[in-house]
Amino acid sequence: MFKKLDILDEKDKRLRKKSEIVSFPLSNTDKKLIEQIITHLTYSQIEKYEKMYDLRPGTGLAFPQLGLLKRIIVIVDEYESGKFNNYVVINPEIISTSKEMIAADAGEGCLSVNRDVEGHVPRFARVTVTGFDMEGNPIRIRAREELSIAFQHEIDHLNGILFYDRINKKKPFFNEYEIRLL
Ligand code: NI
């Protein structure tokens, strides 16, 4: 039976806190929650289920968005139509970044931000992320383009940062040339 997640809204102060390092083994509660997040995010990207359960489409979620201040992120990336890769990273860290910057054309969205926020969010075009899988094994992921943006967005949540904090208020939009000069 599918259970919709209860996701905090941006007004909730917990979203502005720094999350704590997680130790292993993970609790069964956390493991179950991770599975529930994967299902929620996957369903939210499949039209049939999105409509059936009235979900907002989203590719990622961080534990603080559920009111749990733990350094755990989940990303469900549709790399090809109808095909998904799941990334679960415990205690993620960005260990290297490209010089090149990018921004999602249409700006970013967040399951905790229930309104449209206009503006480009400058992000590193490529990042290398290290951390641990659910069993505590060290992992390393190289991400580019949209997946790179997703990792930066979710890791920001662990540090109390929301995507619009990174929009330049004086100059919210960049063209492709300008973004490379950042
Ligand atoms: Ni978000």
Mind telling me which of the residues I155, I161 ends up being surrounded by 13 or more Cβ atoms within 10 Å (Cβ to Cβ), modelled with pLDDT of 95 or more, outside any helix (DSSP H, G or I) and within 16 Å of the ligand (Cβ to nearest atom)?
I161
Answer yes or no: is there a residue in the range 61-84 that is under 22 Å from S148 (Cβ atoms), more than 15 Å from the ligand (Cβ to nearest atom), free of Cβ contacts under 8 Å to residues at least 60 places away in the same chain and buried (at least 16 other Cβ atoms within 10 Å of the Cβ).
yes
Name the single residue, out of those in the range 1-25 being touching a helix residue (DSSP H, G or I) at 6+ places or on another chain (Cβ under 8 Å) and surrounded by fewer than 10 Cβ atoms within 10 Å (Cβ to Cβ), that is nearest to Y49 (Cα to Cα).
K3
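For G107, indicate whether it is in contact with a Gly (Cβ under 8 Å, 6 or more places away or on another chain), at negative phi, assigned to a loop (DSSP other than H, G, I, E, B) and among the small types (G, A, S).
no
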What are the residue pairs meeting all of these: first residue in the range 145-161, first residue under 15 Å from S19 (Cβ atoms) and among the aliphatic types (A, V, I, L, M), second residue within 12 Å of the ligand (Cβ to nearest atom) and part of a helix (DSSP H, G or I), Cβ atoms under 7 Å, and 6 or more apart or on different chains?
L158/P64
Among the residues of the range 93-128, which ones are free of Cβ contacts under 8 Å to residues at least 60 places away in the same chain, closer than 17 Å to N159 by Cα and within 16 Å of the ligand (Cβ to nearest atom)?
V121, R123
Just to verify a result, which residue in the range 8-58, among those that are closer than 21 Å to E146 by Cβ and among the aliphatic types (A, V, I, L, M), is farthest from the chain's Cα centre (by Cα)?
I46
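Okay, residues lined up against (1) in contact with a strand residue (DSSP E or B) (Cβ under 6 Å, 6 or more places away or on another chain); (2) among the small types (G, A, S); (3) under 21 Å from L162 (Cβ atoms):
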residue	(1), (2), (3)
K32	no, no, no
K51	no, no, no
I72	yes, no, yes
I75	yes, no, yes
G109	no, yes, yes
Given the conditions (1) closer than 27 Å to V22 by Cα; (2) not in a helix (DSSP H, G or I), report the number of the one that K170 does not fulfil.
(1)
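The values are calculated or read from the model by the stated rules, or taken from the named source; none is laboratory data. Quick caveat: nothing in here was measured; it's all calculated off a predicted structure. Cβ: placed from backbone, ideal geometry, glycine included. Neighbour counts: every protein chain shown.
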